[in-house]
Amino acid sequence: SQTIHQWPATLVQPVGSPLSLECTVEGTSNPNLYWYRQAAGRGLQLLFYSVGIGQISSEVPQNLSASRPQDRQFILSSKKLLLSDSGFYLCAWGNTGTGVYFGAGTRLSVL
Amino acid sequence: AQSVTQLDSQVPVFEEAPVELRCNYSSSVSVYLFWYVQYPNQGLQLLLKYLSGSTLVKGINGFEAEFNKSQTSFHLRKPSVHISDTAEYFCAATRQGGSEKLVFGKGTKLTVNP
(Lines give C-alpha, C1' and ligand atoms only; values in the text may rest on other atoms or scores of the structure.)
Protein backbone atom coordinates (compact mmCIF):
# COMPACT_ATOMS: atom_id res chain seq x y z
CA SER A 1 0.00 0.00 0.00
CA GLN A 2 1.01 3.58 -0.50
CA THR A 3 2.21 5.79 2.32
CA ILE A 4 3.27 9.40 2.49
CA HIS A 5 5.71 10.78 5.01
CA GLN A 6 6.02 14.43 5.85
CA TRP A 7 8.30 16.04 8.41
CA PRO A 8 8.72 17.76 10.73
CA ALA A 9 5.26 17.85 12.31
CA THR A 10 5.82 21.27 13.85
CA LEU A 11 8.39 23.95 13.25
CA VAL A 12 9.04 27.34 14.80
CA GLN A 13 11.36 29.56 12.81
CA PRO A 14 12.46 33.21 13.11
CA VAL A 15 11.72 35.69 10.38
CA GLY A 16 14.47 35.68 7.78
CA SER A 17 15.59 32.11 8.42
CA PRO A 18 15.60 29.42 5.71
CA LEU A 19 13.08 26.62 5.42
CA SER A 20 13.16 23.06 4.16
CA LEU A 21 10.18 20.72 4.43
CA GLU A 22 10.48 17.23 3.03
CA CYS A 23 7.92 14.76 1.79
CA THR A 24 8.40 11.22 0.52
CA VAL A 25 5.97 8.71 -0.92
CA GLU A 26 6.25 4.93 -0.83
CA GLY A 27 4.45 2.21 -2.72
CA THR A 28 3.84 3.99 -6.00
CA SER A 29 5.88 5.22 -8.92
CA ASN A 30 5.77 8.46 -10.90
CA PRO A 31 3.10 10.05 -8.73
CA ASN A 32 1.87 13.59 -9.10
CA LEU A 33 3.07 15.50 -6.03
CA TYR A 34 1.57 18.59 -4.46
CA TRP A 35 2.25 21.17 -1.76
CA TYR A 36 -0.77 22.88 -0.24
CA ARG A 37 -0.96 25.54 2.45
CA GLN A 38 -3.80 26.00 4.88
CA ALA A 39 -3.76 29.35 6.66
CA ALA A 40 -5.72 29.82 9.87
CA GLY A 41 -9.44 30.06 9.16
CA ARG A 42 -8.96 29.68 5.43
CA GLY A 43 -9.26 26.90 2.91
CA LEU A 44 -6.49 25.02 1.18
CA GLN A 45 -4.34 26.74 -1.38
CA LEU A 46 -2.29 24.82 -3.92
CA LEU A 47 1.28 26.12 -3.90
CA PHE A 48 3.18 23.75 -6.20
CA TYR A 49 2.60 20.58 -8.13
CA SER A 50 4.90 18.22 -9.98
CA VAL A 51 4.20 15.58 -12.61
CA GLY A 52 7.77 14.26 -12.72
CA ILE A 53 11.37 14.67 -11.58
CA GLY A 54 12.51 18.24 -12.01
CA GLN A 55 9.08 19.36 -13.26
CA ILE A 56 7.60 21.95 -10.92
CA SER A 57 4.65 24.23 -11.52
CA SER A 58 3.96 27.16 -9.24
CA GLU A 59 0.39 28.18 -8.68
CA VAL A 60 0.93 31.46 -6.85
CA PRO A 61 3.84 33.89 -6.70
CA GLN A 62 5.38 33.83 -3.26
CA ASN A 63 8.43 33.52 -1.08
CA LEU A 64 8.61 29.74 -1.48
CA SER A 65 10.05 27.27 -3.97
CA ALA A 66 9.76 23.54 -4.52
CA SER A 67 12.03 20.85 -5.91
CA ARG A 68 11.66 17.20 -6.85
CA PRO A 69 15.11 15.64 -6.85
CA GLN A 70 13.79 12.07 -6.93
CA ASP A 71 10.62 10.44 -8.22
CA ARG A 72 9.02 10.15 -4.81
CA GLN A 73 10.59 13.09 -2.98
CA PHE A 74 9.19 16.61 -2.87
CA ILE A 75 10.82 19.47 -1.00
CA LEU A 76 9.42 22.88 -0.08
CA SER A 77 11.97 25.60 0.59
CA SER A 78 12.47 29.23 1.36
CA LYS A 79 15.63 31.30 1.59
CA LYS A 80 14.12 33.85 3.99
CA LEU A 81 10.88 33.24 5.83
CA LEU A 82 8.25 35.95 6.25
CA LEU A 83 5.63 36.23 8.97
CA SER A 84 3.00 35.56 6.32
CA ASP A 85 4.54 32.15 5.61
CA SER A 86 3.06 30.79 8.83
CA GLY A 87 0.49 28.09 8.27
CA PHE A 88 -0.19 24.40 7.94
CA TYR A 89 1.67 22.86 5.01
CA LEU A 90 0.40 19.67 3.47
CA CYS A 91 2.13 17.42 1.00
CA ALA A 92 0.01 15.15 -1.17
CA TRP A 93 0.33 12.60 -3.92
CA GLY A 94 -1.97 11.27 -6.60
CA ASN A 95 -2.18 9.36 -9.85
CA THR A 96 -4.76 9.97 -12.54
CA GLY A 97 -8.09 8.61 -11.46
CA THR A 98 -6.99 7.47 -7.99
CA GLY A 99 -7.64 10.58 -5.98
CA VAL A 100 -5.21 12.68 -3.98
CA TYR A 101 -3.82 11.55 -0.63
CA PHE A 102 -2.36 13.81 2.01
CA GLY A 103 0.44 13.63 4.54
CA ALA A 104 0.01 14.53 8.19
CA GLY A 105 1.11 18.12 7.64
CA THR A 106 3.68 20.51 9.09
CA ARG A 107 2.57 23.39 11.27
CA LEU A 108 4.97 26.26 10.63
CA SER A 109 5.09 29.26 12.94
CA VAL A 110 7.26 32.15 11.83
CA LEU A 111 8.02 34.52 14.71
CA ALA B 1 -11.45 26.59 -14.32
CA GLN B 2 -13.32 24.76 -11.61
CA SER B 3 -14.71 26.25 -8.45
CA VAL B 4 -16.23 24.61 -5.40
CA THR B 5 -18.73 26.16 -3.01
CA GLN B 6 -19.57 24.73 0.38
CA LEU B 7 -22.76 26.46 1.35
CA ASP B 8 -22.45 26.12 5.12
CA SER B 9 -19.37 27.14 7.06
CA GLN B 10 -20.66 25.55 10.28
CA VAL B 11 -23.19 22.80 10.91
CA PRO B 12 -24.15 21.91 14.49
CA VAL B 13 -26.14 18.71 15.04
CA PHE B 14 -27.06 16.43 17.90
CA GLU B 15 -25.63 12.96 18.22
CA GLU B 16 -27.54 10.27 16.28
CA ALA B 17 -29.21 12.88 14.07
CA PRO B 18 -28.81 12.79 10.28
CA VAL B 19 -26.58 15.35 8.60
CA GLU B 20 -26.08 16.73 5.11
CA LEU B 21 -23.11 18.87 4.16
CA ARG B 22 -23.70 20.70 0.91
CA CYS B 23 -21.26 21.13 -1.95
CA ASN B 24 -21.77 22.68 -5.37
CA TYR B 25 -19.20 22.86 -8.12
CA SER B 26 -18.78 24.86 -11.27
CA SER B 27 -16.88 23.55 -14.26
CA SER B 28 -17.02 23.67 -18.03
CA VAL B 29 -15.53 20.18 -18.26
CA SER B 30 -16.15 16.85 -16.56
CA VAL B 31 -14.75 16.61 -13.06
CA TYR B 32 -13.81 14.16 -10.38
CA LEU B 33 -15.25 15.00 -6.97
CA PHE B 34 -13.97 14.28 -3.48
CA TRP B 35 -14.84 14.73 0.18
CA TYR B 36 -12.11 14.96 2.78
CA VAL B 37 -12.24 15.11 6.58
CA GLN B 38 -9.74 16.95 8.74
CA TYR B 39 -9.51 16.37 12.47
CA PRO B 40 -7.76 19.06 14.57
CA ASN B 41 -4.06 19.39 13.82
CA GLN B 42 -4.10 16.54 11.34
CA GLY B 43 -3.86 16.14 7.61
CA LEU B 44 -6.78 15.49 5.29
CA GLN B 45 -8.25 12.01 5.05
CA LEU B 46 -10.12 10.96 1.95
CA LEU B 47 -13.72 10.06 2.82
CA LEU B 48 -14.99 9.20 -0.63
CA LYS B 49 -14.59 10.03 -4.29
CA TYR B 50 -16.69 10.12 -7.43
CA LEU B 51 -14.78 9.28 -10.59
CA SER B 52 -17.46 7.68 -12.78
CA GLY B 53 -20.26 5.13 -12.67
CA SER B 54 -22.90 5.05 -9.95
CA THR B 55 -23.85 8.50 -8.75
CA LEU B 56 -24.24 7.29 -5.16
CA VAL B 57 -20.83 6.87 -3.61
CA LYS B 58 -20.23 5.21 -0.27
CA GLY B 59 -17.20 6.07 1.80
CA ILE B 60 -15.60 5.38 5.13
CA ASN B 61 -17.17 5.98 8.54
CA GLY B 62 -20.71 5.53 7.21
CA PHE B 63 -20.67 8.59 4.94
CA GLU B 64 -22.09 8.69 1.44
CA ALA B 65 -22.47 11.32 -1.27
CA GLU B 66 -24.56 11.67 -4.37
CA PHE B 67 -23.32 13.20 -7.60
CA ASN B 68 -26.04 15.25 -9.28
CA LYS B 69 -24.86 16.51 -12.65
CA SER B 70 -27.95 18.58 -13.42
CA GLN B 71 -27.66 20.44 -10.13
CA THR B 72 -23.84 20.37 -10.14
CA SER B 73 -23.90 19.14 -6.57
CA PHE B 74 -22.09 16.53 -4.51
CA HIS B 75 -23.68 16.63 -1.06
CA LEU B 76 -22.29 14.52 1.77
CA ARG B 77 -24.69 12.65 4.07
CA LYS B 78 -24.68 10.44 7.11
CA PRO B 79 -27.89 8.98 8.57
CA SER B 80 -26.72 9.05 12.19
CA VAL B 81 -23.70 10.99 13.41
CA HIS B 82 -21.42 10.33 16.36
CA ILE B 83 -19.48 12.69 18.58
CA SER B 84 -16.34 11.43 16.86
CA ASP B 85 -17.56 12.86 13.53
CA THR B 86 -16.84 16.35 14.81
CA ALA B 87 -14.31 17.70 12.32
CA GLU B 88 -13.93 19.93 9.31
CA TYR B 89 -15.08 18.58 5.97
CA PHE B 90 -13.78 19.71 2.60
CA CYS B 91 -15.29 19.17 -0.81
CA ALA B 92 -12.89 19.21 -3.75
CA ALA B 93 -12.96 18.88 -7.53
CA THR B 94 -10.44 18.29 -10.25
CA ARG B 95 -10.65 18.16 -14.02
CA GLN B 96 -10.95 14.69 -15.46
CA GLY B 97 -7.83 13.64 -17.31
CA GLY B 98 -5.73 16.45 -15.90
CA SER B 99 -2.93 16.48 -13.35
CA GLU B 100 -5.48 16.29 -10.55
CA LYS B 101 -4.88 19.71 -9.09
CA LEU B 102 -7.64 19.80 -6.53
CA VAL B 103 -9.76 22.88 -6.08
CA PHE B 104 -11.16 22.96 -2.56
CA GLY B 105 -14.20 24.51 -1.00
CA LYS B 106 -13.66 26.60 2.12
CA GLY B 107 -14.75 23.78 4.40
CA THR B 108 -17.67 23.02 6.70
CA LYS B 109 -17.10 22.64 10.41
CA LEU B 110 -19.35 19.86 11.68
CA THR B 111 -19.96 19.89 15.43
CA VAL B 112 -21.80 16.94 16.93
CA ASN B 113 -23.27 17.72 20.35
CA PRO B 114 -24.40 15.15 22.94
In nm, to one decimal, how far is the modelled label at A:TRP7 from the one at A:SER58, with both set 7 Å along Cα→Cβ?
2.9 nm
If I take R0 = 30 Å and measure r between the Cβ atoms of A:SER65 and B:GLN42 in this structure, what FRET efficiency does the formula 1/(1 + (r/R0)^6) give, to the nearest 0.05?
0.70
Within the set B:LYS78/B:LYS106; B:LYS58/B:LYS106; B:LYS78/B:LYS101; B:LYS49/B:LYS78; A:LYS79/B:LYS109; B:LYS69/B:LYS101, which residue pairs have Cα atoms separated by over 25 Å?
B:LYS78/B:LYS101; A:LYS79/B:LYS109
Which distance in Å, rounded to a whole number, links the C-alpha centroids of segment A:25-59 and segment B:73-114?
20 Å
Mind listing which trypsin sites (Lys or Arg not before Pro) in segment A:46-111 are in a DSSP loop and have 16 or fewer other Cβ atoms within 10 Å?
A:LYS79, A:LYS80
Choose one of B:LEU51, B:SER9, B:TYR36: the residue whose Cα lies farthest towards the positive end of the charge dipole of segment B:1-88 (beta-carbon charges +1 Lys, Arg; -1 Asp, Glu; about the Cα centre).
B:LEU51
Just for chain B, what percent of DSSP beta bridges are antiparallel, to the closest 5?
90 percent
Once B and A are treated as a pair rather than alone, how much accessible area drops out, both sides summed, in Å² to 100, probe 1.4 Å?
1600 Å²
Equivalent ellipsoid semi-axes - Cα gyration tensor, the protein assembly as shown, angstrom
30, 21, 15
Take every DSSP beta bridge with both residues inside segment A:3-110 and express the antiparallel ones as a percent of the total, to the nearest 5.
90 percent
Inter-probe distance in nm under a simple model that places probes 7 Å from Cα toward Cβ, at B:SER26 and B:LEU56:
3.1 nm
Cα extents of segment A:1-100 along the principal axes, largest first, in whole Å, come to 37, 28, 25
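The values are calculated or read from the model by the stated rules, or taken from the named source; none is laboratory data. If you're wondering where the values come from, they're calculated on a predicted model, not measured in any experiment. Cβ sites come from the backbone with ideal geometry, for glycine too, and all protein chains shown count toward neighbours. The protein model used for the area step is the full one, side chains on, heavy atoms only, and it has no ligands, DNA or RNA in it. Shrake-Rupley method; radii C 1.70, N 1.55, O 1.52, S 1.80 Å.
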